[in-house]
Structure formats: structure tokens, C-alpha cells
1. Could you give the angle, 0 to 90 degrees to the nearest 10, between helix 114-131's Cα long axis and the longest principal axis of the Cα atoms of the chain?
2. Just report the Cα centroid separation between the stretch 252-292 and the stretch 172-205, whole Å.
3. Residues with amide H under 5 Å of residue 205's amide H, sequence separation 5 or more or different chain, H placed in the peptide plane at 1.01 Å from N; which?
4. Check the straight Cα-Cα distances from residue 245 and name the lysines below 26 Å, setting aside those fewer than 8 residues away within the same chain.
5. Order by neighbour count: 190, 243, fewest other Cβ atoms within 10 Å first, most last.
6. Any chance you could give the angle, 0 to 90 degrees and rounded to 10, that helix 227-240 forms with the longest Cα principal axis of the chain?
7. How fast does the stretch 350-455 diffuse by Stokes-Einstein, in µm²/s, taking the Kirkwood radius from C-alpha pairs at 25 °C and 0.890 mPa s?
8. For residue 79 and residue 14, calculate 0.36 nm times their separation in residues minus their Cα-Cα distance, and state this gained length in nm to one decimal.
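Please treat every number below as a calculation from the coordinates, not as lab data. Given the structure is predicted, the values throughout are model-derived calculations rather than measurements. Please note: Cβ atoms are built from the backbone with ideal geometry, for glycine as well, and neighbour counts cover all protein chains shown.
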Amino acid sequence: MKCIGRLQHLSSGEIALSRIGIGFECLDRELFRPEPCYDPAAAAGAKYARCQTGWARCETKEGAYDFAWLDAVVDSLRARGIEVWFNVGYGNPLYMKDIPNKTGVGCVPLYFGEKCLAAWKNYVSALAEHFSGRVTLFELWNEPEADHFWYPEAPDPAAYARLYALTAKEIKKHIPEAKFAATVASGFDFDFIEKMLTAMQGMQVDFFAYHAHSRLPEVSFGRGGSYLENVAHLRRLLDGAGFQKTMLIQGEAGQPSWAPKGHWLYKDGFDDPRAQAVWLLRRFALDHYAGVALTSFFMIADIWEKPYETATQTLPRAQANGILNGLVYTPKPSYEAFCHAAAALSGVLTPSDEDCAVIPRESTEGQSVCLPFIKDGAPAYLYYLPIAPAERYESRADLCLPAPLTDGVLADLLTGEVFSLPSPTVTENGAKYSALPLKNYPYLITERANIPIICK
């Protein structure tokens, strides 16, 4: 195939429509420096940023709120064309005695007395009043079915619903148009979710945000099974519980370029920046096919400025989930992959029910993935082999599509290279493109006019 150019990077301001976001979490604990991240995030084409609001950082003296640090984050991102959505959660040691960390991570205001709960309501009200007109979407709490984010009691769906309701009420006082997201962790604990939805009957739930950390993007953490099937089942649960209008958000999913030994997902450690980029591309491909309203990668930079604390543990150095290096804030391979995905998957991208198939030319470990879409009115296909992201697999395959493309191109989402497609074999059953490259990360096939290309 002939290389005709490269994918053109589009900035956040240049992209009119996208579902792709980046995490700006952990600034409540000052775990990375945001200033070196604003311009790279915008240059990469991120349209959304998830930010945690940090009660303990905003209120260091009882009744006095300092939002200057959060103002700087919100205003810097919005000025670059990035919409900020808030994760509102965690406690405050001013009102919580003998908690295991100084920033109140995972500490739930429900369990520390009436003074604490009143202070939480006052903080949330002040937060909403201050950011009215700048932030509309509020995700309420973080991973409430995880022990280390629901301290000091055991995770409780009914208690979460209570916290959700009283928090949303305070925000609505100042932002009547506010949208709210309920949230869970990455295990698809459907028993917890069903009980949560039962307890939340009649509440405003505009979005349901789940997280999708896992070794393989195609397989869910926790209960296991197909990621796409689990998302479809979550959709059915929402519909069956009366939340048909609630949209899905994949709100936090990451793959480290490095992980220490003993990490919760990689007990043996991990060190492979390329694998992080491969994982990112597969995550975005699957999330778009799952039909989520927003997909966010965790996160913009490694959180290496301080030790990482949860309610139950402290890590001297957290896993390196950033697309920027946490010491010098330079791009990793995952940053370039993010740029390519943001540009290539922008616009109106809708899952299709068209048949497409990848036929490897040699035996493989698993079945190849082919995801059909309609992109801005034209057919588009993402295909790859879903083996371990750390594998350096390279082979050839035939791609069978319902019909030939008029001026088809193949975009390598890892390198950014764009190739003209060879002429297909056309029969009454469709079109076969022969001997295309097959790797463990997505290639995009679509019409040439459908993606931004810098031609040679």
C-alpha cells in the first residue's frame, strides 16, 4: 500500500464534536502540576476533562472556601476549548476525626455526624454557586462500591443514593440546569447496581458513569466477561429500572506505562509505554462502539509529585497512568495515540449493524475484532487482533466489507500513517480487501475525505 500522508492532529478548539476526554483527577491532592498539561491536552484534541473538586483543599478553615486553585484549572481548560466536568466527592479532616489520610480520600460525610454532613452541604452549595455558568455536569462521588472509597462503613447502595440525593439538591439550588451522573467502579457489580437503581427511583440521573480499568479492554475487571456485553447488560438494567433517558459515560479507564510490583491489577509489575498506547486505542474503539456519550482516559500526567493515598493505603509512587511523563511532563507514545484517536474519531460516529469480518492469513490466539460505524454519513471500520497489549504482533488479514469504498484509506492509529487502500475483489456478497496489515491495535478504514490528512 502507498503511504499518502499522516493523520493531522486537531486541537480541542478545532474539533466541533467528539466523545473523547482526558482525566485531570487528583489535583485535589496536588499529585501532579496542571500548568504543563493545559497546552498538551488541548493540542491532543481532548474535548472533556474530569476534575475532582477537593473539599479538603477548598476548605482549610471552617466555613471559609478558597476555590482559586480550581478556578485556574477550570478557566485554563475552558479557554482552550475543553469542557470541564466535576467529580464531587471525598471528605475533610476538619470535620472527620482520626481518618487515615489528610485529604479525606474515600471518607463519606454521612458517617461523621450532623456537623460534618451540614458542612458537606454548605461546601457543595458554595462550589455550585461559584462555578455556575462554567460547569454543568456533576458526577457524585467516586466508586462507591469500592471499600477504599467508602470509608469507614461497608459500601451501601441505599446510603449512596441518600448521599447522591442530598448533594444534587444543593447543586440544583444554584445551577437549575445541572446534569448529574451516578457512578460505579470497574467491576460491573450488577447486584450493587440493581440495588442502587432501586434506591434511586425518582431521582434525576442524567448519566450513569462506570469505570473500565482492566488488563484487556475487551474483558471486564471483577466479574469478567465481554466488556461490550456487560455494557449492554448495564443498559438493560437502566432501562428496566425506569432510567431509559440516562446516558452512559465511561468515566475513568487507564493502563499504566509502568506499574510497581504488587499493583492491584498487575501484581508482577509492568513497564511498557507502547502497550499503554495500544490499550488506549482499543479502549476508545470499544467505547465508541458501546455508544457511550463520553469516554475518558485516566489520565493526563503521572501522579508523581507526592505519594498516592487512598482511605486504606499509601503508595510511595503510583502507577504511571499519564499520557505525559509525571517528572518532566513530556509526551509518551500514548499521547500520540490519543492525538490520532481524537482526530480520526471526531465528528458523528455511530455504531452500525453492517457485517464485516477480518480473516487472518495465519492462525491467531483469538478472534479478530471488526467494529463497523457510520462516520459523518460514510462507512468506517475499526479492526484489530485483541491479544495482550504488550505483544508485538504483526501479520496480514483479509477484510470483508458489505460494499467497496469509493476512495478508501487505511489509517494506522498508533503511528498516524495513512495509506491508500488497494482495489478490492468485488462480488455479489460484498468487497474483500486482501493482505491488509493486522496488529493488536486498531486500524481505521474509511473514505479519504472522512479524516484529516496531511498529505505527502
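1. Orientation of helix 114-131: about 50 degrees from the principal axis.
2. Taking the Cα centre of each part, the stretch 252-292 and the stretch 172-205 sit 26 Å apart.
3. Distant-sequence amide H within range of residue 205: zero hits.
4. Correct list for residue 245: 47, 169, 172, 173, 179, 195, 375.
5. Ranked by crowding around the Cβ, least crowded first: 190, 243.
6. 50 degrees
7. 175 µm²/s
8. So the extension gain works out to 22.1 nm.
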